[in-house]
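Encoded as structure tokens, the structure appears first; notes follow it.
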Amino acid sequence: MFRGSIVAIVTPFKDGKVDEEALRELIEFQIKSGTDGIVPCGTTGESATLSHEEHDRVIEITVDAVRKRVPVIAGTGSNNTTEAIRLTRHAYEAGVDGTLLVTPYYNKPTQEGLYQHYKAVAEAVPVPIVLYNVPGRTGINLLPETDARLSKISNIAGIKEASGDLKQISKIVELCSDDFVVLSGDDFTVLPILAVGGRGVISVVSNIIPEDMAAMVDAFDEGRPDKAREFHYRMRPVMDACFLETNPVPVKAALAMMGKIEYEVRLPLCRMSDVTYGKLKQIMTDYGLIW
């Protein structure tokens, strides 16, 4: 159902508020560049500091701007199952094609707790759900055996895997059925995940170089692994630059350099240091993104 190069789109701000015009322009840029899907309100979209009203509105704007040209997979996760159901129901009613639910953070549930959490959301809202495993941010790892159990629930469609553990990711592919989609959650692991049976990526770097990420995934799918590898190594400096400091600060700085958004993040995130900003600017210049 979901495949290819899917962007975890930033939420642009201007004077402390969501910049609706800039968001719509970013969506057009993505679709024209060959992006296969849009994820609003993910980690890169700063969902943690959006109010509930802003969260709902960003999803509504995205659905309206995309106009069914590519799938919209809205971030609707929470460490409160009732809240996750509320967010997921709103996204479903807004017209999304799927939802992305991060593992509950901070309260560190057991694997059974994780299963019951996702099962409750899936039973409450009839929308395709993509699980999201990112242990470095949540403090909990969704194990392949739990993925296999969850994959048997009809509207749980796949997983965004950001553990960086290729052994674990290979096991997920092995244990789950072919229609359970495994997507990379880290740009630098896209190519190896495709090689073990993954279907694509929910990407940070696609915010700034969408054509190249889409071309890499397409080249692999077309049976041209050497070409895909060329794109991987070409993009690698920009991938690394996007994580010089905490995501999404560098990618928002990069988009601001490109004149696409204001360079604005919300506390507790803050602007990059002068040193890392200078490194990012040099990489952007070397890649030909700014002059």
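Readers should treat all values here as calculations from the given coordinates under stated rules, not as data from a laboratory. Please read these numbers as outputs of a predicted model, since none were measured by experiment. A quick note on method: Cβ atoms are made from the backbone with ideal geometry, for glycine too, and the neighbour counts reach across all protein chains shown.
A few remarks follow.
- Among (1) buried (at least 17 other Cβ atoms within 10 Å of the Cβ); (2) within 19 Å of the chain's Cα centre (by Cα); (3) under 23 Å from E46 (Cβ atoms), the one test that D240 misses: (1)
- Index of the failed condition, I153 passing every other in (1) among the hydrophobic types (A, V, I, L, M, F, W, C); (2) part of a loop (DSSP other than H, G, I, E, B); (3) crowded, with 20+ Cβ neighbours inside 10 Å: (3)
- Qualifying residue in segment 22-42 (condition: within 30 Å of A148 (Cα to Cα), charged (D, E, K, R) and in contact (Cβ under 8 Å) with a residue 24 or more places away in the chain): yes
- Applying the criterion of being more than 20 Å from the chain's Cα centre (by Cα) and in a loop (DSSP other than H, G, I, E, B) to the residues of segment 125-150, the residue that is surrounded by the most Cβ atoms within 10 Å (Cβ to Cβ) is V125.
- When the test is whether a residue is part of a helix (DSSP H, G or I) and in contact with a His (Cβ under 8 Å, 6 or more places away or on another chain), I85 does not pass it.
- Those residues of segment 101-137 which are in contact (Cβ under 8 Å) with a residue 40 or more places away in the chain and either touching a Leu at 6+ places or on another chain (Cβ under 8 Å) or more than 16 Å from C41 (Cα to Cα) (or both), in sequence order: V121, V125, P128, I129, V130, Y132, N133
- Test: V121 is within 27 Å of G197 (Cβ to Cβ) and not basic (K, R): yes
- Residue in segment 170-190 that is under 22 Å from Y118 (Cα atoms), of a type in the set (V, I, T) and touching a helix residue (DSSP H, G or I) at 6+ places or on another chain (Cβ under 8 Å) present: yes
- Qualifying residues in segment 31-73 (those that are farther than 28 Å from A219 by Cβ and of a type in the set (S, T, N, Q)) - the one surrounded by the most Cβ atoms within 10 Å (Cβ to Cβ): S47
- Scanning segment 88-98 for residues that are closer than 15 Å to L131 by Cα and either assigned to a helix (DSSP H, G or I) or in contact with a Leu (Cβ under 8 Å, 6 or more places away or on another chain) (or both) gives a single hit, T88.
- For segment 226-270, a residue qualifies if it is among the aliphatic types (A, V, I, L, M) and farther than 16 Å from L280 by Cα, and the qualifying residues are A228, I261, V265, L267, L269.
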